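Peer 1: Just dropping this structure here.
Laboratory data are not the source of any read-out in this text; all were calculated from the coordinates shown. Predicted, not measured: the structure shown is a model, and the values here were computed from it. Don't worry about glycine lacking a Cβ; one is built from the backbone with ideal geometry, like all the others, and counts go over all protein chains shown.
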Amino acid sequence: MFLTRFFRRVINFCLTLGLWVYFMLGYLVLMFVLFIPCYSRLKAVDAVLQKSFHLHLKVFFALVNRLSPGVRFAVSEDVRNLRSSIIVCNHLSYLDPILLVSLFPRQTTIVKNTFFSVPIFGWFLRKAGYVPSSPTEMYGPAMINHLEDIKRQLAAGGNLFVFPEGTRGRRGRIAPFNRGVFSIARYCSTGVKMVLIRNTERLFRPGSFSFDTRGKFTVSMELIGSLTPDQLKNASISASADQARSLFERKIREAKTGGDGRA
């Protein structure tokens, strides 16, 4: 039993090391390879980088899937087909945002300000049109400019995805929702799509370096509901945030009766 656990850890470590090497080198090498053919088709720098991120991470998760024979990815078609949408998700793992990028050719999200100061990576974020989190009020001058950029992104068929908990959840609990995304949706006169993520924390556990490539479970993403523009307009921002959080809590309670997540 000890040897089995030891070899499992060694396999997980080696495979994870290879995956992270690809992940990092992809930004430094593959991104530039992808940039030219994408630019010849799309012209706009933000669209080019978003498409390049998408292709790079699509390959990344294809590798994860190939190297983890017991792990299945089940993303519903109604999630894959989302376009021009503001998407609200629960947050379980650092894999969540990059999994969403791998699904959508045009995408943006709200990123912590500190990441924009990271050499090279911060440049990619800025040029791709990603939005820095604002420590000030939602309608400050800097944020208004970003809101207009978000409106253009949505009009071009892109998605904005946000994790309103602000941090990864623990033990299946949903933290209080930040209300900012619901203010953004009201400003942009669009609705909110709610997507429930399951089991990414089993594939890449918080506090761990290694993927669980020998596990047997399903990583899934499911559209569980939406708030229409009229619903957002006719309710307070606080009430909208509470309604969305309640739906996530109910769906998570229901999922606890479904075993280990294997479909």
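Peer 1: Using only the alpha-carbon atoms, what does region 44-94 span along each of its principal axes? Please give whole angstrom values in decreasing order.
Peer 2: Over region 44-94, Cα extents along the principal axes are 39, 22, 22 Å.
Peer 1: Give the longest segment of the chain that steers clear of chymotrypsin sites (Phe, Trp or Tyr not before Pro) in DSSP loops with at most 13 neighbouring Cβ atoms within 10 Å, not counting the sites themselves. Write out the running numbers ahead of the final one.
Peer 2: Working: sites that count: Tyr94, Tyr139, Phe209.
It runs 1-93.
Peer 1: Right, next: Report the full-extension gain for the segment Phe6 to Asp242: residue separation times 0.36 nm, less the Cα-Cα distance, to one decimal in nm. Before the final figure, lay out each step's value.
Peer 2: Working: separation 236, 0.36 × 236 = 84.96 nm, distance 4.47 nm.
Extra length from Phe6 to Asp242 when fully extended: 80.5 nm.
Peer 1: Also, quick follow-up: Taking 4 °C and 1.567 mPa s as the conditions, I'd like the Stokes-Einstein D for region 159-244 in µm²/s, using the Kirkwood hydrodynamic radius from alpha carbon pairs. Could the numbers behind the result be given before it?
Peer 2: On the way: Rh = 14.6 Å.
Reported coefficient: 89 µm²/s.
Peer 1: Right, here's the next one. How high is the FRET efficiency from Phe13 to Thr167, r the C-beta distance, R0 25 Å, rounded to 0.05?
Peer 2: On the way: r = 26 Å, r/R0 = 1.05.
So the FRET efficiency works out to roughly 0.45.
Peer 1: Provide the percentage of antiparallel DSSP beta bridges, counting only those with both residues in the chain; round to the nearest 5. Can you show the working numbers first?
Peer 2: Details: 7 of 24 bridges.
Around 30 percent antiparallel, to the nearest 5.
Peer 1: Using a Förster distance of 35 Å, how high is the FRET efficiency between Arg152 and Gln231, based on the Cβ-Cβ distance and rounded to 0.05?
Peer 2: Values: r = 24 Å, r/R0 = 0.68.
For Arg152 and Gln231, the calculated efficiency is 0.90.
Peer 1: Same structure again: Note down, for the chain, the three equivalent ellipsoid semi-axes (square root of 5 times each alpha carbon gyration tensor eigenvalue), biggest first, whole angstrom. Spell out each step's value before the answer.
Peer 2: Values: eigenvalues 181, 123, 50 Å².
Semi-axes from the Cα gyration tensor: 30, 25, 16 Å.
Peer 1: Round to the nearest 0.05 the FRET efficiency obtained for Arg126 and Val33 when R0 = 22 Å and r is the Cβ-Cβ distance. The partial results should precede the final answer.
Peer 2: On the way: r = 21 Å, r/R0 = 0.95.
Plugging the Cβ-Cβ distance into 1/(1 + (r/R0)^6) gives 0.60.
Peer 1: Find out how many positive minus negative residues lie around Phe116, taking Lys and Arg as positive, Asp and Glu as negative, among other residues whose Cβ is under 14 Å from that of Phe116. Don't skip to the end; give the middle numbers.
Peer 2: Details: positive: Lys112, Arg126, Lys127; negative: none.
Charge balance in the 14 Å sphere: +3.
Peer 1: May I pose another question? May I ask you to list the trypsin sites (Lys or Arg not before Pro) in region 71-134 that are in a DSSP loop and have at most 14 other Cβ atoms within 10 Å of their Cβ?
Peer 2: Arg83, Lys112
Peer 1: What's the exposure ranking of Cys89, Cys14, Cys188, going from fewest to most Cβ atoms within 10 Å?
Peer 2: Values: Cys89 23, Cys14 13, Cys188 20.
Going from sparsest to densest Cβ surroundings: Cys14, Cys188, Cys89.
Peer 1: Shifting gears a bit: Among Phe13, Phe204, Asn113, flag the residue with its Cα farthest along the positive direction of the charge dipole of the chain, charges on Cβ as +1 for Lys/Arg and -1 for Asp/Glu.
Peer 2: Of the listed residues, the answer is Phe13.
Peer 1: A follow-up question, please. Counting only helical runs of four or more DSSP H residues, what would the 222 nm mean residue ellipticity of the chain come to if each run contributes -39,500 (n - 2.57) and the total is spread over all its residues? Could you put the intermediate results ahead of the total?
Peer 2: Details: 11 runs with 131 residues, N = 263.
So the helix-based figure for the chain works out to -15500 deg cm²/dmol.
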